[in-house]
Ligand code: TXA
Ligand code: MG
């Protein structure tokens, strides 16, 4: 995941990317795949174009966007200063799912950064995203391609569901499935504002101690997006850390649940409990066989199952590695937590 995705671009893909780049250059908005999730992109230096992103998503104006670049040295186009630890992380993890919050270059329009004096920037590791930025010849600001508050899109059909024909969609595959890690390097020690594909453990190996923004700190909203409702599917989502508790819950609440469509998503294997749950008449699925699988499936599960089920029950995972990112998204999607 740390190396540039150089696989060949097919003529059909190239055609779509060229069209996308034309749209970006003429001030429009394009949905494109990255290695994390789909982005909804526009020329980061074109205020009016960026405004369209906010309008399409229904995104609050005080929630800043991430700028995407195709060459490491382009970080200077958007940041005023690159601290030593930023240099180390760029060398190690770009292109990749790591977003750096750095002092903002005054040339970046205020609408992109929601008037903050910092800017979030990353170089995605995806051949289509990189080629699109290269051909557009400008940095691209792009949030995840979802209606504000809804689960992020990981497939072209999710984008289509959210935006219909209002945006041109470049088709491609997403590999990781949850958004990039966001780390604020303007404070000491640096703070992970959002966990993702590059884990705290991986970062600490390179630059030493970093903090993780605690859920209870959300009120101070260091990362403005964090205070908003997120990842909410159309179903109620419950998370249990123990599958025995899922069984107990289903048994105790059986009468309340009758008549409701319930999906239970277990991690790794179905096992005895899974069979019991199925025998009780509930629908069951695997969230993934590995943490990486789970991350890749998560938003698709929330979006697709959200259309059918009244309640989705997840077996939670340990908050380590990408598990921290998975649980971060689940807790935000969940209306209730049971431990
Ligand atoms: O993987 C990703 O990061 C995807 C793909 C498309 O690159 N993008 C994405 O963007 O997730 P978005 O807008 O959904 O989330 C960006 C997060 C928000 O929580 C926002 O508040 C935060 O980054 N952010 C952006 N600029 C910031 C800044 N200057 N300081 C602190 N947080 C910032
Ligand atoms: Mg988002």
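Per-structure values
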quantity: Looking only at the stretch 159-173, and only at residues there that are more than 17 Å from the chain's Cα centre (by Cα) and outside any loop (DSSP other than H, G, I, E, B), the one that is surrounded by the most Cβ atoms within 10 Å (Cβ to Cβ); calculated: 169
quantity: Boolean, residue 55 is more than 19 Å from residue 145 (Cβ to Cβ) and either in the same structural domain as residue 206 (by TED's automatic domain parsing) or out of contact with any strand residue (DSSP E or B) (no Cβ under 8 Å at 6 or more places or on another chain) (or both); calculated: no
quantity: Number of the exception - residue 63 against (1) surrounded by fewer than 20 Cβ atoms within 10 Å (Cβ to Cβ); (2) over 29 Å from residue 166 (Cα atoms); (3) within 18 Å of the chain's Cα centre (by Cα); calculated: (2)
quantity: Qualifying positions in the stretch 183-207 - in contact (Cβ under 8 Å) with a residue 40 or more places away in the chain and out of contact with any helix residue (DSSP H, G or I) (no Cβ under 9 Å at 6 or more places or on another chain); calculated: 184, 186, 201
quantity: Residue count for the stretch 112-158, restricted to those that are outside any loop (DSSP other than H, G, I, E, B) and within 11 Å of ligand 1 (Cβ to nearest atom); calculated: 11
quantity: Flag for residue 112 being under 20 Å from the mean Cα position of the chain (by Cα), over 26 Å from residue 160 (Cα atoms) and buried (at least 16 other Cβ atoms within 10 Å of the Cβ); calculated: no
quantity: Enumerated strands (runs of 3 or more DSSP E) restricted to the stretch 256-339, each holding at least 3 residues that are surrounded by fewer than 19 Cβ atoms within 10 Å (Cβ to Cβ) and out of contact with any helix residue (DSSP H, G or I) (no Cβ under 7 Å at 6 or more places or on another chain); calculated: 283-288
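The values are calculated or read from the model by the stated rules, or taken from the named source; none is laboratory data. Computed from a predicted structure; not experimentally measured. Positions of Cβ are generated from backbone atoms using ideal geometry, with glycine treated the same way; all protein chains shown enter the neighbour counts.
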